[in-house]
Amino acid sequence: MPPTQHQVTAKPRPDKILQLDGISPESVEAHWALYEGYVKKYNEIQERLAGADRGAANQIFSDYRGLREMLTFAIGGIKNHEVYFDNLGPGGGSPSDGLGGHIEASFGDVDTMLTELRAGGMAARGWAWLAWDWDWQRLDVYIGDAQNTFPVWNVTPIIALDVYEHSYIRDFSTARPKYIDAFVANLDWQAINGRFGMIEAFLQQMGG
Ligand SMILES: [Fe+2]
């Protein structure tokens, strides 16, 4: 019997992401529609998977292989964008004591972390993340060339920087560094602190 079909729903679009400095509402609205497209495709892939022929699964080509692979692309497209849009807002702010302490321990200071994230954003073909490694108890910058590359196990993204051209072509043409500047200037530290706060609470429970 095939596994139960999992379906997801797109989150409601937060008004705050239409109030950014330098990244236009038109660009964000078009970008949000892409996120909704990932949700739609995830649900479609799950439906197709339910009916896929498991006996015909084959590593060279099979419907089952294609669906399982593309499921990871859709999941990445959903989760990456949910972190990305949550990161952005007009509120500004700065890292909490808890997050700031871990940024200092892992990078030295916030500016050095942001330099690393910017470099990651220039080096990547899709995404750069600041993420928490649960095994090694540290933050680092990771890059990805697509929605489903190159996440590593047991690492949780805290900041997601989308560097696909659809993120910036409308407002910045091909000037990716200017877009990354705007992204950093529009970081919503309250939201980022909240995301890291969940990690801190878990670490405290574990006695770490
Ligand atoms: Fe995107």
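Within region 102-120, is even one residue small (Gly, Ala, Ser) and within 14 Å of the chain's Cα centre (by Cα)?
Taking region 102-120 first, the residues small (Gly, Ala, Ser) are 105-106, 108, 119-120.
When the remaining residues are screened for being within 14 Å of the chain's Cα centre (by Cα), the result is 120.
Within region 102-120, one or more residues are small (Gly, Ala, Ser) and within 14 Å of the chain's Cα centre (by Cα).
When you check PRO90 against the structure, is it away from the ligand (no atom under 16 Å from the Cβ), closer than 16 Å to ASN186 by Cα and buried (at least 19 other Cβ atoms within 10 Å of the Cβ), yes or no?
no
Kindly indicate the residue of region 131-150 that is surrounded by fewer than 17 Cβ atoms within 10 Å (Cβ to Cβ) and touching a Gly at 6+ places or on another chain (Cβ under 8 Å) and also modelled with the lowest pLDDT among those meeting that condition. Steps first, answer last, please.
Residues of region 131-150 that are surrounded by fewer than 17 Cβ atoms within 10 Å (Cβ to Cβ), as a first pass: 133-138, 145-146, 149-150.
If we keep only those that are touching a Gly at 6+ places or on another chain (Cβ under 8 Å) too, we end up with 137, 145-146, 149-150.
Numbers: GLN137: 96, ASP145: 98, ALA146: 97, THR149: 95, PHE150: 92.
Filtering first and then ranking leaves PHE150.
For region 151-167, how many residues are surrounded by 13 or more Cβ atoms within 10 Å (Cβ to Cβ) and more than 13 Å from the ligand (Cβ to nearest atom)?
Number of matching residues: 6.
In this structure, does GLY108 turn out to be away from the ligand (no atom under 16 Å from the Cβ), surrounded by 13 or more Cβ atoms within 10 Å (Cβ to Cβ) and not polar (S, T, N, Q)? Let's see the steps before the verdict.
Values: away from the ligand (no atom under 16 Å from the Cβ): yes; surrounded by 13 or more Cβ atoms within 10 Å (Cβ to Cβ): no; not polar (S, T, N, Q): yes.
Answer is no for this residue.
If GLN205 satisfies all but one of (1) buried (at least 20 other Cβ atoms within 10 Å of the Cβ); (2) out of contact with any Ser or Thr (no Cβ under 7 Å at 6 or more places or on another chain); (3) more than 19 Å from PHE73 (Cβ to Cβ), what's the number of the condition it fails?
Failed condition: (1).
Do you know which of the residues in region 168-191 that are under 16 Å from GLY120 (Cβ atoms) and aliphatic (A, V, I, L, M) is nearest to the ligand (Cβ to nearest atom)? Explain how you work it out, then say what you get.
The first filter runs over region 168-191 and keeps only residues under 16 Å from GLY120 (Cβ atoms), leaving 168, 176-177, 179-181, 183-184, 187.
Now drop any that are not aliphatic (A, V, I, L, M), which leaves 180, 184, 187.
Details: ILE180: 14, VAL184: 17, LEU187: 17 Å.
So the residue we want is ILE180.
Taking the condition of being under 15 Å from the mean Cα position of the chain (by Cα) and polar (S, T, N, Q), how many residues in region 155-181 meet it?
Summing the residues that are under 15 Å from the mean Cα position of the chain (by Cα) and polar (S, T, N, Q) in region 155-181 gives 2.
Determine, yes or no, whether GLN5 is touching a residue at least 24 places away in the same chain (Cβ under 8 Å), farther than 30 Å from TYR168 by Cβ and not assigned by TED's automatic domain parsing to the domain that holds TRP127. Can you show your working first?
On the way: touching a residue at least 24 places away in the same chain (Cβ under 8 Å): yes; farther than 30 Å from TYR168 by Cβ: yes; not assigned by TED's automatic domain parsing to the domain that holds TRP127: yes.
Criteria met by GLN5.
List the strands (runs of 3 or more DSSP E) that sit entirely inside region 57-172 and contain at least 3 residues that are free of Cβ contacts under 8 Å to residues at least 40 places away in the same chain.
Values: elements: 127-133, 138-144, 155-162.
It comes to 127-133, 138-144.
Kindly check whether there is at least one residue in region 62-75 that is among the hydroxyl-bearing types (Ser, Thr, Tyr) and assigned by TED's automatic domain parsing to the domain that holds THR149.
So in region 62-75, the residues among the hydroxyl-bearing types (Ser, Thr, Tyr) come out as 62, 64, 72.
Subset that is assigned by TED's automatic domain parsing to the domain that holds THR149: none.
No, region 62-75 contains no residue that is among the hydroxyl-bearing types (Ser, Thr, Tyr) and assigned by TED's automatic domain parsing to the domain that holds THR149.
The values are calculated or read from the model by the stated rules, or taken from the named source; none is laboratory data. All of these numbers come straight from a predicted model, not from anything done at the bench. So basically every Cβ, Gly included, is an ideal-geometry build from the backbone, and we count neighbours across all protein chains shown.
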